[in-house]
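Below is one structure, written out as structure tokens; the observations come after it.
The values are calculated or read from the model by the stated rules, or taken from the named source; none is laboratory data. What you see is a predicted model; the values in this text were computed from it and never measured. Neighbour counts are summed over all protein chains in view; Cβ atoms, including those assigned to glycine, are modelled from backbone coordinates with ideal geometry.
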Amino acid sequence: MSLTYTVTILHDLDPNPSPDHDLREALMAVGCSPDEGDLLASDPIFYLRIPEQDADRVEALAQQFLAGSPACRAVVHPGVTMPPRDDDQAAIVVQRRPGVMDPVSQSVIHAMSESGFVSSQCQVRTARRYRIGGIETNVSMLDGLASRLGNGIVDEWRSFSGGEEEQVPDPFREFPSHSQGRVEIPLIEASDEELVAISVDGGLSLDLAEMQAIRQHYIERGREPSEIELETIAQTWSEHCCHKTLTGAIRHGDLRYGNLLQETIFQATRQLDLPWCWSIFRDNAGVIGIDEEWGVSFKVETHNHPSALEPYGGAGTGIGGVIRDTLGTGVGARPILNTDVFCFAPTDTAAENLPTGTLHPRRLLRGVVAGVRDYGNRMGIPTANGAIHFHPGFVGNPLVFCGSVGLMRREHVDKEVHPGDLVVAVGGKTGRDGIHGATFSSRELTEDSEQDSSGAVQIGNPLEEKKVLDAMMRIRDENLCRSVTDCGAGGFSSAVGEMGEETGAEIHLDRAPLKYPGLGPTEVWISEAQERMVFAVEPSKLARIQEILLEEEVECAVLGEFRDDGKLRLLHHDLLVGELDVKFLHGGRPSQERVSIPPEPKPLIKAEVDHLDAQQLLCTLLADGNVASKEPVIRQYDHEVQGRMTLRPLAGADRDAPMDGCALDPLRDGSHQVVVSCGLTLGMGEVDPYQMACHSVDEALRNCIASGGSLERAALLDNYAWGDVKDPAILGQIVECSRGAADAALAYGTPFISGKDSLHNTYRAGGVSRSIPPVLLVSAISITKGPLRVPGSDLKEAGSSMMLIGPEGAIPGSLMQWLHGGGGGIPAPFDRQLGPRLLQQVRQWIVAGQLRSLHDLSDGGLAVAAAEMAFGGGGVGLDLDIGALGDDRNRSLFGEGPHRFLAEVRDTDVERITADAEAVGIPLTCIGRSVVEPTLIIRHGLDRCIESGVGELKQIWKRSLEAIWPTS
Amino acid sequence: MADLMSRSAPRALVLRAAGTNCDLETVHALELAGAEVESIHVNALSRDPSILDGVGLVAFPGGFTFGDDVASGAVLAHIIEQRLRPQLQRFVDRGGLVIGICNGFQVLVRLGLLPGGEGRGALLWNQSGRFEDRWVYLNSGSEESPWFAPGERYFMPVAHSEGRFEWFPDQPGQEFPTEQVAFSYCNEDQSVASYPDDPNGSHRSIAGLISADGKVLGMMPHPERFVRPEHHPSWMRIRPDGAIPLEEQLPVPLGLSIFRRAVDHLKTHQSDLVGEGGTR
């Protein structure tokens, strides 16, 4: 006999309750502006189901633990239906749907077991009850409000207008159980039309040629495939897992590629052949050496489609997933840094411009930041580098890139699997959540995605992953594990499939720990439930691993063993539900040659800026989300944890000026620095994808140098995010981008070490399929010896010379151009001779202490860079004259291009620097001075085209994103 | 020689649990300060609480123990309450030093090991309603203590969402005992701060508390994140040549100084510690 209770926690004894921003945000979204006097609150609810014998423990648990502070009190009520509450306010109760991860419930059960509850018989679910007092409400308004407080994909809710009984859906109800046993799919005699139908209906994302190859394989074997076999093939052959477009054959005008990535980006890395590249393009992350003993891994992933539907869960599991890539690199690297880069539509996008079924970018932005914050902070990993971009082209399909840097010893880089090794699943339990994530990510987002793909969207449990991390580091350091990989897209099917690629494996799916009963074998096999790893373990070492896992409170299960016969055998309660040849699985996919159309230069469309003066243009750019201060986001991330940071994303006199990247001391002894930065030149992609790739590599490396890095030991990651690659014109952009990235990497001598592509970033709106703007995110990581040498981008003192380093910029591809309706034209060219020469020289000046401050010129060009340098100067201003740069004032002020910096140089160093620049052939122009007055003046000859207080400009620059995260 | 050194080094324990984050840097800081440090999981200490008898200092590091589910530090405090309360009390009673940083502070307050215990104090959501990572200036407390120099200005990062200390006196109007304020947020010139220099809106800008005997310190800011001069967020502005400053060139003491002072205190007071033996 079990009993059910509803425990509501009221914080009404808190003398200064903090504002509930989520509730206020939701109210504003439905057109209400809450006043000071309104009674707004959100109360946590805990639903407890306990055995009868524990009934007398409930009140103490509620008051001492669940309330547990003099600021709040618990109200305990039997059952899950509440009688009318005496507060008589309109209320909304939001709770997770059954089966959705509810991390808090697990912690409560832990505490209950400490208090003597029979925890194996206890169940807990949580909810939140929002109270809205003092505001006129009605049913439709409450419904609208509820759909903004919860997300239908993971939440369910009920609203109550006050003074009524509050009945919620039974939070403990269970799922219907799924078919068990072996299910065959009739394929041998299927027609081509039927093959397509099987792929579409099953959500397999396999095309006809692939389905035909599978049919042929089973005709040869003389039997039908089972459901689990077909699913395994679909997962393994998905774009997400094998990158078939970028590693496929492409005819591109006169050029032919057998494997695009191999022959561009990988080729550049091979050609450079650097001894400190320890692991490239073969593991879950690339690894480079710090010294002979230590190295760092780096990987950046995307999690776009889940984040579009459920931004909090999507971004959280995105960061969780890439952290597992770090844990699954070699036999485990320790995560020491997270990065994040987002692309959204502008936050002021009008509701009528949103495709049906998509969330407003403001809600996406807030949700994504909250997801990264809550997951990254709980993992104890600093999130200290990134960028946020805004462009209308992301209205139906935002981009969420999450990166992770790991620290590891050289001896832990290699891994292997021996036949006879145990297959051990470690971490979270398996549930029905996250079915078909790998294949879902390869499909277009439609109005119905929310309904179709809800299983692909999950809520993460960072505590589980943190426990796995802690345990894994001990297991690694005791050398107990032969190989490790993470369960990402495709779940066990991909993890075991990858590890057993050479050997084969036998897996007993019934041995996987389940979140709830009723999962069929196929579901267990392909579930992408979060926070799981797979180990290959020598049998004699299992006992010690189990001992460590027990202390760290991590669950594990021996699923089976690796074999030597090249067969992947899947059993469920001893019934053979699937048997696959690993050779066919990993080598049987038919390759097709695709044809791409090389892009033509785009005609120049002039930006509509004639009615704006330079001052207005600068203010527009500073206020634009692409340039505006990201401080409200950065502050929400713990970017200091682990105590290694030597350059933070914000520094300067008031510690709120933007730096160009970040740096950390990996070994905590000052012997080495790891510098991390990124480059993403959004506007350039549609103008010239080849140049976009070069510019992105250049920007990442300029940021890296300005943050204290060096070309001597710098490596790159590529992350493609593209639209519909079945369109030959769009495929042509990718080819050009790959060529550009490879050329730039070769020019700089900086190898790509890992990468990931996210294709099919399309969304359907009004019956038309639209692709996102082409994006190549380049991330850079550099190792330097000794203490960090870095000037920082903040002005240091009045009376210095301001030196513009590098060639002229251009309007085509610039932020100013596309922000004002322009497009096309010829962008400033990447110069493969000048680039490396210039960066090496700048690095030398930094090491010699000859630059007082240094900032790269990126979005918004010279004018924005100058303003940003002044923002960190503690009152130092600038008086610049751009007359010497040419007649085109807007081009000089706002043009963009590669190889450009603005530097502050002490007068006594100017002569030396000028001589150096002349000697190696670097454009260098003195354009003015830093001054005592806190003013930014930019003259164009006799015309003072910009003259404004630094403080006023800084306010404009700061308030755009502050408005999205109010603090009062 | 090494043997001699290790015998004279005070022993410290860094207690971690599921979701602890700042254990490694806290170990590092204590080691730099001269302690011999062991990091131990609360489950291991629960199996053998006598480990506490062999140490002079216990640190509760920062993080999100048990995800800060229900409330920050709530589950870990509950576990310690159920399993280790008497042993911890005995450790404090015999003069052992305790520091709780951030999440550890939240645990100590919930355990009642600091003023404001016994249901009179709580660390609640920041007035800003969100997590904040920023460097803040601090005034240290008025009394001599093994942990800090009184009346000094410190500079350290905070990173938390539940750091607003509220005071719930037994009688209305009862003042919080000033001598038990370890740190309070202030402006650079040590004047009274408002948001964001006071990042959470605490009662009397309280950033840290200290027990009446000065042995137990709890603080929201993170001294273990400032153990080298280049951890200073704007170190590039300190020296005219732009190089990393020496420790004595910093305008504020390192966060490390807090650990150093405690370890030095243990070195000079080791004989006072009842029950600490060299036998282990």
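Can B:Val92 be described as touching a Lys or Arg at 6+ places or on another chain (Cβ under 8 Å) and either buried (at least 24 other Cβ atoms within 10 Å of the Cβ) or within 20 Å of B:Asp23 (Cα to Cα) (or both)? So B:Val92 fails the test. Summed over region B:72-89, residues that are part of a helix (DSSP H, G or I) and either surrounded by fewer than 22 Cβ atoms within 10 Å (Cβ to Cβ) or more than 10 Å from chain A (Cβ to nearest Cβ) (or both) total 8. Between a residue in region A:327-353 that is over 15 Å from A:Asn284 (Cβ atoms) and any residue that is charged (D, E, K, R), which pairs come within a Cβ distance under 9 Å, given they are 6 or more apart or on different chains? Filtered contacts from region A:327-353: A:Ile336/A:Arg644; A:Leu337/A:Arg644; A:Phe344/A:Arg362; A:Pro346/A:Asp624; A:Thr347/A:Arg362; A:Asp348/A:Arg362; A:Thr349/A:Arg362.
Restricting the search to region A:74-84, which residues are surrounded by 20 or more Cβ atoms within 10 Å (Cβ to Cβ) and in a loop (DSSP other than H, G, I, E, B)?
Residue satisfying the conditions is A:Val80 alone.
Can you work out which of the residues in region B:233-258 that are under 13 Å from the mean Cα position of the chain (by Cα) and within 11 Å of chain A (Cβ to nearest Cβ) is nearest to B:Glu162 (Cα to Cα)? The qualifying residue nearest to B:Glu162 (Cα to Cα) is B:Gly255.
Assuming B:Val75 fulfils every condition listed in (1) farther than 19 Å from B:Ser161 by Cα; (2) touching a His at 6+ places or on another chain (Cβ under 8 Å) apart from one, which condition is it? Of (1) farther than 19 Å from B:Ser161 by Cα; (2) touching a His at 6+ places or on another chain (Cβ under 8 Å), only one is false for B:Val75: (1).
Just to be sure before I move on: is A:Gly380 out of contact with any Phe, Trp or Tyr (no Cβ under 7 Å at 6 or more places or on another chain) and among the small types (Gly, Ala, Ser) in the structure I sent? Answer is yes for this residue.
Listed by first and then second residue, the pairs with beta-carbon distance under 7 Å, at least 6 apart or on different chains, first residue in region A:945-968 and within 14 Å of chain B (Cβ to nearest Cβ) and within 23 Å of B:Tyr195 (Cβ to Cβ), second hydrophobic (A, V, I, L, M, F, W, C) and in a helix (DSSP H, G or I), are A:Leu961/A:Val633; A:Ile964/A:Leu365.
Just wondering, is there one or more residues in region A:838-846 that are in contact with a Ser or Thr (Cβ under 7 Å, 6 or more places away or on another chain), surrounded by fewer than 24 Cβ atoms within 10 Å (Cβ to Cβ) and outside any strand (DSSP E or B)?
Scanning region A:838-846 turns up at least one residue that is in contact with a Ser or Thr (Cβ under 7 Å, 6 or more places away or on another chain), surrounded by fewer than 24 Cβ atoms within 10 Å (Cβ to Cβ) and outside any strand (DSSP E or B).
Scanning region A:926-944 for residues that are in contact (Cβ under 8 Å) with a residue 60 or more places away in the chain and loosely packed, with under 14 Cβ neighbours inside 10 Å gives A:Val932, A:Gly941. Check whether at least one residue in region A:260-273 is part of a loop (DSSP other than H, G, I, E, B), over 27 Å from A:Val200 (Cβ atoms) and at pLDDT 95 or above, and report yes or no. Yes, region A:260-273 contains a residue that is part of a loop (DSSP other than H, G, I, E, B), over 27 Å from A:Val200 (Cβ atoms) and at pLDDT 95 or above. Once region B:154-210 is narrowed to residues that are part of a strand (DSSP E or B) and surrounded by fewer than 20 Cβ atoms within 10 Å (Cβ to Cβ), the residue that is nearest to the other protein chains (Cβ to nearest Cβ) is B:Trp167.
Residue count for region B:110-153 under the criterion of being within 14 Å of chain A (Cβ to nearest Cβ) and not in a loop (DSSP other than H, G, I, E, B): the result is 12. With a requirement of 2 or more residues that are buried (at least 22 other Cβ atoms within 10 Å of the Cβ) and modelled with pLDDT under 95, the helices (runs of 4 or more DSSP H) lying completely within region A:391-483 that satisfy it span A:437-440. Identify the residue in region B:252-280 that is part of a loop (DSSP other than H, G, I, E, B) and modelled with pLDDT under 95 and, among all such residues, is surrounded by the most Cβ atoms within 10 Å (Cβ to Cβ). Residue satisfying both the conditions and the ranking: B:Glu276. Go through region B:218-232 and give me each residue that's facing another protein chain (nearest Cβ under 7 Å), within 13 Å of B:Glu248 (Cα to Cα) and outside any loop (DSSP other than H, G, I, E, B). Hit for region B:218-232 is B:Glu230, nothing else. Checked against (1) outside any strand (DSSP E or B); (2) buried (at least 20 other Cβ atoms within 10 Å of the Cβ); (3) within 14 Å of another protein chain (Cβ to nearest Cβ), A:Phe830 passes all but a single condition, namely (3). Inclusion of A:Ala190 among residues that are among the hydrophobic types (A, V, I, L, M, F, W, C), touching a strand residue (DSSP E or B) at 6+ places or on another chain (Cβ under 7 Å) and crowded, with 17+ Cβ neighbours inside 10 Å is not warranted. If I ask for residues that are surrounded by 20 or more Cβ atoms within 10 Å (Cβ to Cβ) and under 17 Å from A:Ser696 (Cα atoms), which ones from region A:803-827 would you list? Passing the criteria: A:Gly806, A:Gly809, A:Ala810, A:Ile811, A:Pro812, A:Gly813, A:Ser814, A:Leu815, A:Pro827. When A:Gly723, A:Gly740, A:Gly732 are checked against the criterion of being of a type outside the set (S, T, N, Q) and within 22 Å of the chain's Cα centre (by Cα), a single residue qualifies: A:Gly723.
Among the residues here, B:Val107 qualifies as buried (at least 24 other Cβ atoms within 10 Å of the Cβ), within 14 Å of chain A (Cβ to nearest Cβ) and within 19 Å of the chain's Cα centre (by Cα). Here B:Gly95 meets the list (1) assigned to a loop (DSSP other than H, G, I, E, B); (2) at negative phi almost entirely, failing just condition (2).
Kindly establish whether A:Leu585 is within 24 Å of A:Leu519 (Cβ to Cβ) and in contact with a Pro (Cβ under 9 Å, 6 or more places away or on another chain). For A:Leu585, the condition - within 24 Å of A:Leu519 (Cβ to Cβ) and in contact with a Pro (Cβ under 9 Å, 6 or more places away or on another chain) - is not met.
Output the residues belonging to region A:933-943 that are touching a strand residue (DSSP E or B) at 6+ places or on another chain (Cβ under 6 Å) and either part of a strand (DSSP E or B) or of a type in the set (A, V, I, L, M) (or both). Correct list: A:Thr935, A:Leu936, A:Ile937, A:Ile938, A:Arg939.
Would you check if A:Ala71 is closer than 29 Å to B:Gly201 by Cα, within 14 Å of another protein chain (Cβ to nearest Cβ) and either surrounded by 17 or more Cβ atoms within 10 Å (Cβ to Cβ) or hydrophobic (A, V, I, L, M, F, W, C) (or both)? Spelling it out, A:Ala71 is indeed closer than 29 Å to B:Gly201 by Cα, within 14 Å of another protein chain (Cβ to nearest Cβ) and either surrounded by 17 or more Cβ atoms within 10 Å (Cβ to Cβ) or hydrophobic (A, V, I, L, M, F, W, C) (or both). Count of region A:584-639 residues, restricted to those that are touching a helix residue (DSSP H, G or I) at 6+ places or on another chain (Cβ under 7 Å) and closer than 22 Å to A:Val725 by Cα, is 10.
Residue check: is A:Gly683 free of Cβ contacts under 8 Å to residues at least 40 places away in the same chain and buried (at least 24 other Cβ atoms within 10 Å of the Cβ)? Judged against the criteria, A:Gly683 is not a match. Quick one: in region A:723-751, of everything that is assigned to a helix (DSSP H, G or I) and among the acidic types (Asp, Glu), which residue is farthest from A:Asn397 (Cα to Cα)? Top of the filtered list is A:Asp743.
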